[in-house]
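Working notes for the structure below.
The values are calculated or read from the model by the stated rules, or taken from the named source; none is laboratory data. Model, not experiment: these values are computed from the prediction. Backbone-built Cβ (ideal geometry, glycine too); neighbour counts: all protein chains shown. Heavy atoms of the whole protein, side chains included, go into the accessibility calculation; ligands, DNA and RNA do not. Shrake-Rupley method; radii C 1.70, N 1.55, O 1.52, S 1.80 Å.
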Amino acid sequence: MDPQHAKMLPDDYRAFSQTLEGKVRSRHHAEYASWYYSTAWNRRHFERFPEYIVRAASVEDVIKSVNFARLHGLRVAVKGSGHSYAGSFLHRGGLLLDLAQLNAINVDAEQETVTAGPGVTSAQLTHALAPHGLAFPTGHGAKVGLSGFLLGGGLGINCDVWGGMSTFNILALDVVTADGRLLHVSETENAELFWAARGGGPCLFFVVVRFHLRTWLAPKTILARSYVLDTARLKPLLMALCARRHDDRAQVMLVLGGAPGVPAALSVSVFCDDAAEAGSLHAALEMDLQPWLGEFVEQELGSFDPICQQTEQAMVSKRYRADNILTDAAGKVAEVLIAGMQARPSPATFCLLILRPNHEHADAAYSIHGRLSVSTYAQWNEEDEDDLNRDWLRGVFDQLAPLANGSYINEFDLESRSDEVATCYSADAWRRLQKLRLRYDEHGIFPGVSLLAADVSERVF
């Protein structure tokens with residue numbers, strides 16, 4: 001063990017627990033099992049057991065936990081809402097820092113900004129902003145946590161108009177570093193950490209305890225249309241979508257699989273302030289795509305709630321895995337997906353393709369571009385089907401890998417591909433992220449995703 005780390009004595013743990021406003025449980029405590037199995041939304045549970053779980057009740061608890069871990073050579077993993085397909089916050093050994101209770105929200109309607117804790121969910125933020133006529137590009141699911149979502153980039157509701165990716169609406173953050181300092185981070189203050197926070201995701205080397213965010217005036221009209229498609233139309237439709245000039249106000253998604261009896265569907269939601277203009281945008285898109293579209297169902301949405309409800313209704317199982325690429329190769333991707341989905345082990349599994357504009361993003365750790373975001377959500381119920389679904393998902397994305405520009409880390413298979421996580425960043429961004437890690441966390445207190453597939457000790461060496 002590194003000589004800087006002090007051997008832990010029983011009194012050290014007791015003293016630590018008594019200083020916290022929140023609570024801590026070790027693996028020897030009777031409540032540990034219930035705490036552990038309630039951490040993750042995904043019911044696979046992962047069987048990666050931290051030595052300690054801290055439920056922080058304040059920023060001071062976070063600072064004390066990081067200092068305790070550093071003193072005793074413990075690695076630290078950080079959990080927001082627990083809405084991670086890979087359970088990326090669950091490591092073997094070390095200390096799990098649970099931030100779910102840090103969920104305060106403070107709206108400044110005059111400045112059109114909001115301050116939010118890392119435990120805030122998408123639904124909580126949306127509902128806090130709504131009375132002020134404001135909105136934010138949250139995750140598409142109500143339970144998606146703000147913290148992990150934003151730090152990984154955030155492919156959010158209407159984000160094409162509102163920043164390109166949701167992470168670019170972060171104005172500043174308050175973070176706790178590996179040496180226990182509380183720092184304010186922005187474009188002008190501790191700018192290197194600000195760069196890393198916007199896209200670094202589970203590879204980050206500090207704890208975000210507060211987000212300072214730009215908000216937007218809520219759209220007065222959200223007009224959605226959905227079309228049922230035959231899979232034979234998927235390839236030409238995708239190619240036509242990627243070739244046409246895209247209006248950012250239209251959120252265009254294709255679903256392959258999903259609803260029983262519906263092999264594929266196109267969903268278009270237009271966000272704007274004028275109902276007639278929304279109808280015109282739909283009409284223009286339909287005219288361009290007429291050879292592949294049939295009848296549609298139209299719905300005027302009064303808020304983001306129906307979008308979140310639709311997402312929740314699509315997640316029908318107990319056990320999940322996901323993988324993702326960003327790509328420009330629409331036609332070839334369609335061929336791989338059609339064949340792959342026909343062979344999927346679970347009929348509940350579906351693939352979501354989201355049309356992406358060609359944004360020029362600000363310089364940040366988030367640095368991957370592609371005309372299409374392609375995510376596949378494998379879902380099933382029985383434990384004895386885990387390997388079957390894992391291998392199928394891996395096989396499909398092995399075929400898609402040569403077509404990828406990179407991947408969106410929030411939906412990347414961090415368990416099977418933790419050694420490929422660099423593909424979620426540009427080469428320059430990945431090198432820069434690693435240099436910053438060595439500078440700000442030289443002893444490896446925050447291990448990132450490197451431990452997800454390995455059986456390792458709980459101590460830092």
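Inter-label distance, GLN299 to ALA276: 2.7 nm, where each label sits 7 Å from its Cα along the C-beta direction.
Amide H to amide H, with H built 1.01 Å from N, ARG75 comes under 5 Å of GLY94, LEU95, VAL460, counting only residues 5 or more places away or on other chains. Between 0 and 90 degrees, the angle of helix 10-19 with respect to the longest Cα principal axis of the chain falls at about 60 degrees.
How would you classify the stretch 62-125 from its alpha-carbon gyration tensor, with a ≥ b ≥ c the square roots of the eigenvalues: rounded for a/c under 1.5, else prolate if a/b is greater than b/c, otherwise oblate? Mind showing how you got there, number by number?
Numbers: a/c = 4.12, a/b = 1.83, b/c = 2.25.
It comes out oblate by the Cα gyration axes.
Taking amide H positions as modeled 1.01 Å from N, with prolines and chain starts lacking one, no residue 5 or more places away or on another chain lies under 5 Å from THR39. Electrostatic bookkeeping for ALA224 treats Lys and Arg as +1 and Asp and Glu as -1; over the other residues with beta carbon under 14 Å from its beta carbon, the sum is -2. Please report the net charge: other residues with Cβ closer than 10 Å to the Cβ of HIS246, K and R +1, D and E -1. Net of charged neighbours comes to +2. Take the stretch 312-461 with all the other protein chains still there, run a 1.4 Å probe, and you get 44 Å² of accessible area per residue. Scalar couplings 3J(HN,Hα) for the stretch 321-336, obtained by applying the Karplus form with A = 6.51, B = -1.76, C = 1.60 to θ = phi - 60°, are 9, 9, 8, 7, 9, 10, 8, 10, 8, 4, x, 5, 4, 4, 4, 5 Hz; x denotes Gly and Pro. Residue by residue, the stretch 296-304 carries 3J(HN,Hα) couplings of 10, 10, 10, 9, 8, 8, x, 6, 6 Hz when phi is fed to the Karplus relation 6.51 cos²θ - 1.76 cosθ + 1.60 (θ = phi - 60°); x denotes Gly or Pro.
Solvent-accessible area assigned to carbon and sulfur over the chain amounts to 50 percent, based on a 1.4 Å probe. Would you mind checking LYS143/LYS435; LYS235/LYS318; LYS23/LYS143 for any pair whose Cα atoms are more than 26 angstrom apart? Pairs exceeding the cut-off: LYS143/LYS435; LYS235/LYS318. If the chain linking GLU60 and ARG431 were pulled fully straight, counting 0.36 nm for each residue of separation and taking away their Cα-Cα distance, it would gain 130.4 nm.
Note the full-extension length gain between ASP384 and GLU112 as 0.36 nm times their separation in residues minus their Cα-Cα distance, in nm to one decimal. Mind showing how you got there, number by number?
On the way: separation 272, 0.36 × 272 = 97.92 nm, distance 4.96 nm.
So the chain would gain 93.0 nm between ASP384 and GLU112.
Computed from Cα positions, the angle between helix 427-440 and the longest principal axis of the chain comes to roughly 20 degrees. When the Cα gyration tensor is reduced to axis lengths a ≥ b ≥ c, the ratio a/c is 1.5 or higher for the stretch 46-172, and with a/b above b/c it is classed as prolate. Between the helical axis of 305-314 and the longest alpha-carbon principal axis of the chain there is an angle of about 80 degrees.
Using helices alone, I'd like the mean residue ellipticity at 222 nm for the chain: each DSSP H run of four-plus residues gives -39500 (n - 2.57), total over residue count, nearest 500. Display every interim value, and only then the final one.
Values: 12 runs with 126 residues, N = 461.
Value at 222 nm, helices only: -8000 deg cm²/dmol.
What is the extension gain from LEU438 to MET287, computed as 0.36 nm multiplied by their sequence separation minus the C-alpha to C-alpha distance, in nm to one decimal? Intermediate results must be reported in sequence, preceding the final value.
On the way: separation 151, 0.36 × 151 = 54.36 nm, distance 5.36 nm.
Length difference between fully extended and current span is 49.0 nm.
Spacing of the modelled spin labels on SER34 and HIS359, each 7 Å from Cα toward Cβ, amounts to 4.2 nm. Which of the three applies to the chain, rounded, prolate or oblate, going by the alpha-carbon gyration tensor with a ≥ b ≥ c and a/c under 1.5 meaning rounded? Prolate is the answer for the chain, as a/c is 1.5 or above and a/b outweighs b/c.
Less than 14 Å Cβ to Cβ from ALA334, Lys/Arg counted +1 and Asp/Glu -1: what total charge do the surrounding residues give?
So the environment of ALA334 carries a net charge of +1.
Annotation: peptides 336-346, 206-216, 183-193, ranked by per-residue average of other Cβ atoms within 10 Å with the highest first, follow the order 206-216, 336-346, 183-193.
How big is the charge dipole of the chain about its Cα centre, in debye rounded to the nearest 20, if each Lys and Arg gets +1 on its Cβ and each Asp and Glu gets -1 on its Cβ? Display every interim value, and only then the final one.
Working: 42 positive and 55 negative charges, 162 e Å.
Using Cβ point charges on Lys, Arg, Asp and Glu, the chain gives about 780 debye.
Once the dipole of the chain is set up with Lys and Arg at +1 and Asp and Glu at -1 on Cβ about the Cα centre, which of VAL76, VAL120, TYR227 lies farthest towards its positive end? Positive-most Cα among the choices belongs to VAL76.
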